[in-house]
1. With 10 angstrom as the radius, rank B:C36, B:C6, B:C98 by how many other C-beta atoms surround their C-beta, starting from the fewest.
2. Within the stretch B:13-44, find all residues whose amide N lies under 16 Å from a label point positioned 7 Å from the Cα of A:E124 along Cα-to-beta-carbon.
3. Quickly estimate the mean residue ellipticity at 222 nm for chain B, helices only: each DSSP H run with n ≥ 4 gives -39500 (n - 2.57), and the total goes over all residues, rounded to 500.
4. Order these by the 10 Å Cβ neighbour count, fewest first: A:Y64, A:Y44, A:Y73.
5. HN-Hα J couplings of the stretch B:14-22 from phi, Karplus 6.51/-1.76/1.60, θ = phi - 60°, integer Hz, Gly and Pro as x?
6. Give a residue-ordered list of calculated ³J(HN,Hα) values for the stretch B:142-148 (Karplus: 6.51 cos²θ - 1.76 cosθ + 1.60, θ = phi - 60°; whole Hz; x for Gly, Pro).
7. Just to be sure I understand the model, the point goes 7 Å from the Cα along the line to the Cβ. What's the resulting B:V130 to B:E82 distance in nm?
Amino acid sequence: MFRDTTFNDLGRTDALAGVSTEFVMDEEAFRGFYERNARGLWAYLARVTGNREQADDLLQETFYRFLRAASTYESESHRRNSLYRIATNLAHDARRQSLVRAPVISAGNDIENVSTGDQAGATERSADVTRALSSLKPRERAMLWLAYAEGASHDEIAGALGIRVASLKPMLFRARRKMAALLGRKPDGGKS
Amino acid sequence: MKPLECEFEAEVLGAVLQSRWPEHVDDQLRVHAACCAICSEVASVARAFDGSLEELRASAQVPDASRVWWQAQLRARREAIETAGRPITAVQLVAFACAVGLLGACFGATSTWFQATLKRISSNTAGFDVAAFLTAVSTMFVEHGALVIGLVAVVLLVPTAVYVALARD
């Protein structure tokens, strides 16, 4: 993770100027890419991990690894897929390290903890989503969020989660059914 | 076998993501979603997520792009320096030992004076009297015990002291 920058770091940059640090894009391109994707990616990480602080850390780590990846990208969507793939892997690793299966809803860090009085209704609905998602497996949370919050295609979701498209469809179907039931709908109420 | 997908679900999802659902969509699509389990689930989940996404995006306090870029550069340089200064790895050590062994074997096989010296050492070793050596050692301990203990202590203590001093640095 990034540590806080100090004045010593500022002084050292000149001394380190000759060392090779190749990134996949220049600063201007990065700024645009970051502005377009950072908030959405943070929301994804917050939903998958259930923890704001962890989402903050993983966001920066994700962008750093993206910049350092020795890859060439054909398009914006290719870059975005790669970014989400890195984020998914980092969230998975973080979960394995902490041995926590369900999202951590700890005081001060839970993702509904910043609302004001005006946002009470929206916060309550968001809390319902959090509760429902916490009953699902991490991979189910990730695929549902990508599909129905980000509007990602099956190819993109499969790419981000590292699974085959053919395997994704039934998994997504089951996860959506579970989620709909958890949100209070009767999923068997209608016919396809 | 139950179908996993509906041909209209993408349309329903698009309407929710564009905030057109349910008021600003075709009546036919709304009627279909009401009786289609897949489309009604898609609408239900996507609407729940849509509100949550907006709230999360609004409350997200992501760092400035310039700061992230600059810190990434700093970290990359630090890592590059660490990589450059990293001590040789175990694999490199094994490779070095193999190379030295190979050179030694070539030298031993080709050098005549080395082979002659080796033969002389082996003939001396064959005549080595273990009992006499042990007797000499025990005599030395009895006569110069304090000196031997001092020497052993120095041999053990000096490297330890050097190690501790370097470790502190």
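1. Working: B:C36 22, B:C6 19, B:C98 10.
Ascending Cβ contact count within 10 Å gives the list B:C98, B:C6, B:C36.
2. Label zone hits: none.
3. Working: 8 runs with 135 residues, N = 169.
Theoretical 222 nm ellipticity from helices: -26500 deg cm²/dmol.
4. A:Y73, A:Y64, A:Y44
5. x, 5, 5, 5, 9, 6, 9, 8, x
6. 5, 7, 10, x, 4, 5, 5
7. 5.2 nm
Every number in this text was worked out from the coordinates using simple rules, so none of it is lab data. It should be emphasised that the depicted structure is a prediction, and the values quoted were computed from it without experimental measurement. Glycine gets a Cβ as well: all are built from the backbone with ideal geometry, and neighbour counts include every protein chain shown.
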